[in-house]
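What follows is a short report on a single structure.
The values are calculated or read from the model by the stated rules, or taken from the named source; none is laboratory data. All values derive from a computational prediction rather than experimental measurement. Neighbour counts run over all protein chains shown; Cβ positions are idealised from the backbone, glycine included.
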Amino acid sequence: MENSRRDLGPLPGPDINADARTYWAAAAEERLVVQCCDECGIYRFYPRPLCPDCASDQATWTEVSGQGRVHTFTIVHRAPNKEFQAITPYVIALIDLDEGPRMMANIWATTPLRWPLATGSALSSKSAMAAPGCRSSSAPGINQYAPQQGHYRWRW
Amino acid sequence: MLRNKVIIAGVGDSDIGKVPDMSGLALNAQAAKRALDDAGMRMKDVDGLLTAYSLTEPYFMLGTVLAEYLGLQPTYCASLVVGGGTPGAALHHAAMAVTTGQAKVVLVTCGENRATGQSRDEAVNALTQVGHPYFENPYGPLVPAFYAMVTQRYMHEFGTQREDLAHVAVRARHHAVRHPNSPMKSEITVDDVLASKPIAEPLNMLDCCFISDAAGAFIVTTPDRAADLANRPAWLWGIGECHTHEHITLAPSLTEFGAVQSGSQAYEMAGVGPKDIDFAELYHCFTIVPIIEAEELGLAERVSGGELFASGETAIEGRLPINTHGGLLSYAQAGASGGIHGIVEAVRQLRGGESARQVPKHDIALIHNEGGVLSWHCTMILGRDKR
């Protein structure tokens, strides 16, 4: 299941400010990095200068596994712009990384209209809602992740 | 402690729906004039002004702009921004202002011309402002997608049914068609909701509020003015707020929100509990929202919020009438005006005389406002009399 920019259409790239720069620079190299607090050891997302748990201003950017579980999702039919409208319906999910932080992502199914997550049982934490074993693809720009067999690819 | 310290002396709303011949500021002015008339006050009685924000007319310093527009030179004036819940925040701030003598009479007015004051693209663009610009918007969400994700998780954890959501919309419309100022004139069915166009699954078009031109206003003052008013005032018994997050990605939970905390503060201040509430005006931007709020505010048991709406108990003649004007789903939603129409409606219901939609028991009202993605909560309890 090779992933490419063509699969997704020309989606707009992210806006990037100073807080976000390190994250997206790593993403351009297909590395998923989050900050880890040097004092309390808690991983945080989204990036910011103070730890939301202990207010320490010391943190280290750390590459994480890219494995996690889908906490919730929606299948979007009404998009904010023509680029996303061209790929409707698409899935937006909140994914809990194994390291702790929650982040928003797209999940791409091979046949979007038959999205397998739409069954109630799929939301079980022990089910295929988990998206482990993601490996990076060769997609440029915003990172794309493709699944190992039986898993879903997600785009963060 | 604000119990019995403040009254709402008058309420008003603007023309509602599609009002292309009025600017957003004009809608606010119309609502303000109607609220002052309702109170039996004049514009020159106003020495405090609180408003919200406008996406269609994004003036810098909107509070000061509105004061200028109305010919006011207030000693207390600000624009607040906590989304559709801004009117609740404004009531809280106004109450503190009049009890501490910062102002004697505070006019609160919120709303804008969302339906006709912007192009469709601008409207959609406005809806992206709720998402985090760097870590949510790259994935293509609009506001309904955020609430859809809440809905999905809620259904998963608590078994809320798609039909339960639809009943919320059907009930709202049933009430709105009884309101003389409502733009909605025809009933809808559960099947209509389930068959409406999918927006962000599991939410369909009729699970989502529609965009209006609308403004609402109310007048906050101290009880010593009560005897001079043109109409019966409503008494502020209790009010509470809670802020837990802004972006859904950082919500501490998708099934437990800040309404528990804001509600318990309001109940404690008022010295009443959920069982004492005669009717409620809950926030209503998507069908899942009043279900969650009813549960968090103790108006329904956890897990049974959906049944509350499906059972008919929230009808005008039911055990606990909810959203008696139709709420955001079927009455009006114009940005920050979202929460104000519930406050206006509660004051009218407390007085009585609302004919086709008058609730039979109308001594104690609960109003709940929220902003963002269930990010910010304000619960208000108003009484027909002094507590």
Return the pairs, sorted by first residue and then second, in which the second residue is among the basic types (Lys, Arg), the first residue lies in the range A:17-43 and is not assigned by TED's automatic domain parsing to the domain that holds A:Ile95, the beta carbons are less than 9 Å apart, and the residues are 6+ apart or on different chains.
A:Asp19/A:Arg48; A:Val34/A:Arg44; A:Gln35/A:Arg44; A:Gln35/A:Arg48; A:Cys36/A:Arg44; A:Cys37/A:Arg44
If you scan the range B:137-195, which residues turn out to be among the polar types (S, T, N, Q) and within 14 Å of chain A (Cβ to nearest Cβ)?
B:Asn137, B:Thr151, B:Gln152, B:Thr160, B:Gln161
Could you figure out which of (1) at pLDDT 95 or above; (2) within 14 Å of another protein chain (Cβ to nearest Cβ) isn't true of B:His92?
(2)
Are any residues in the range B:237-255 within 14 Å of another protein chain (Cβ to nearest Cβ) and acidic (Asp, Glu), and if so, which ones?
B:Glu246
Only unsatisfied item for B:Glu163, checking (1) more than 22 Å from B:Leu297 (Cβ to Cβ); (2) without any contact (Cβ under 8 Å) to a residue 60 or more places away in the chain; (3) of a type in the set (Asp, Glu), is (2)
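Hey, could you check the range A:15-54 for residues that are of a type in the set (Lys, Arg) and in contact with a strand residue (DSSP E or B) (Cβ under 7 Å, 6 or more places away or on another chain) and say which is surrounded by the most Cβ atoms within 10 Å (Cβ to Cβ)?
The initial filter retains those residues of the range A:15-54 that are of a type in the set (Lys, Arg), namely A:21, A:31, A:44, A:48.
Now drop any that are not in contact with a strand residue (DSSP E or B) (Cβ under 7 Å, 6 or more places away or on another chain), which leaves A:31, A:44.
Working: A:Arg31: 15, A:Arg44: 19.
This residue is A:Arg44.
Among residues belonging to the range B:217-261 that are over 23 Å from B:Ala336 (Cβ atoms) and without any contact (Cβ under 8 Å) to a residue 60 or more places away in the chain, point out the one that is nearest to the chain's Cα centre (by Cα).
So in the range B:217-261, the residues over 23 Å from B:Ala336 (Cβ atoms) come out as B:222-233, B:235, B:237, B:249, B:252-256, B:260.
In the following step, the residues that additionally are without any contact (Cβ under 8 Å) to a residue 60 or more places away in the chain were identified as B:224, B:227, B:252-253, B:256, B:260.
Numbers: B:Asp224: 27, B:Ala227: 28, B:Pro252: 23, B:Ser253: 23, B:Glu256: 20, B:Val260: 17 Å.
The residue in question is B:Val260.
Out of A:Gly13, A:Gly41, I need the residue that is assigned to a loop (DSSP other than H, G, I, E, B) and in contact with a helix residue (DSSP H, G or I) (Cβ under 8 Å, 6 or more places away or on another chain). Which one?
A:Gly13
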Exactly one of these conditions fails for B:Thr99: (1) surrounded by fewer than 21 Cβ atoms within 10 Å (Cβ to Cβ); (2) in the same structural domain as B:Ala334 (by TED's automatic domain parsing); (3) modelled with pLDDT of 95 or more. Give me its number.
(2)
Which pairs turn up if I take residues in the range B:35-52 that are more than 14 Å from B:Thr109 (Cβ to Cβ) and look for partners that are at pLDDT below 95 and surrounded by fewer than 17 Cβ atoms within 10 Å (Cβ to Cβ) with beta carbon separation below 8 Å, at least 6 apart in sequence or on another chain?
B:Gly40/B:Asp228
On the given criteria, is B:Ala195 touching a helix residue (DSSP H, G or I) at 6+ places or on another chain (Cβ under 6 Å), of a type in the set (Gly, Ala, Ser) and either modelled with pLDDT under 95 or in the same structural domain as B:Ser304 (by TED's automatic domain parsing) (or both)?
no
Helices (runs of 4 or more DSSP H) wholly inside the range B:47-146 that include at least 2 residues being within 30 Å of A:Ile87 (Cβ to Cβ):
B:120-127
How about the range B:252-286: which of its residues are assigned to a helix (DSSP H, G or I), in contact with a helix residue (DSSP H, G or I) (Cβ under 9 Å, 6 or more places away or on another chain) and either among the hydrophobic types (A, V, I, L, M, F, W, C) or modelled with pLDDT under 95 (or both)?
B:Ala259, B:Val260, B:Ala270
Against the definition (part of a helix (DSSP H, G or I) and among the basic types (Lys, Arg)), how does B:Arg171 come out, yes or no?
yes
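For the range B:295-315, enumerate the residues that are within 18 Å of the chain's Cα centre (by Cα) and either part of a loop (DSSP other than H, G, I, E, B) or under 18 Å from B:Val193 (Cα atoms) (or both).
First, the residues of the range B:295-315 that are within 18 Å of the chain's Cα centre (by Cα): B:295-297, B:299, B:314.
Within the range B:295-315, B:Leu297, B:Leu299, B:Thr314 meet the criteria.
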How many of the residues in the range B:196-216 are within 12 Å of chain A (Cβ to nearest Cβ) and either under 30 Å from B:Arg351 (Cβ atoms) or free of Cβ contacts under 8 Å to residues at least 40 places away in the same chain (or both)?
5
What do you reckon, is B:Gly10 of a type outside the set (Val, Ile, Thr), under 23 Å from B:Phe210 (Cβ atoms) and crowded, with 22+ Cβ neighbours inside 10 Å?
no
Residues of the range A:55-66 being on the phi < 0 side of the Ramachandran plot and crowded, with 18+ Cβ neighbours inside 10 Å, in sequence order, are A:Ala59, A:Val64
Quick one: is B:Thr116 in contact with an Asp or Glu (Cβ under 7 Å, 6 or more places away or on another chain), more than 14 Å from chain A (Cβ to nearest Cβ) and not charged (D, E, K, R)?
yes
Would you call B:Val373 aliphatic (A, V, I, L, M), in the same structural domain as B:Phe279 (by TED's automatic domain parsing) and under 22 Å from B:Pro180 (Cβ atoms)?
no
Go over the candidates A:Thr22, A:Thr60, A:Thr72 one by one and state the one that is farther than 21 Å from A:Ile95 by Cβ, of a type in the set (Ser, Thr, Tyr) and not in a loop (DSSP other than H, G, I, E, B).
A:Thr60
All but one of (1) buried (at least 24 other Cβ atoms within 10 Å of the Cβ); (2) at pLDDT below 95; (3) under 27 Å from B:Phe218 (Cβ atoms) hold for B:Gln152; state the number of the condition that does not hold.
(3)
Kindly check whether there is at least one residue in the range B:374-387 that is within 17 Å of B:Leu165 (Cβ to Cβ) and under 19 Å from the mean Cα position of the chain (by Cα).
yes
When B:Val130 is evaluated against the numbered criteria (1) in contact (Cβ under 8 Å) with a residue 40 or more places away in the chain; (2) under 21 Å from the mean Cα position of the chain (by Cα); (3) at the interface with chain A (Cβ under 9 Å from one of its Cβ atoms), which criterion, by number, is the only one it fails?
(3)
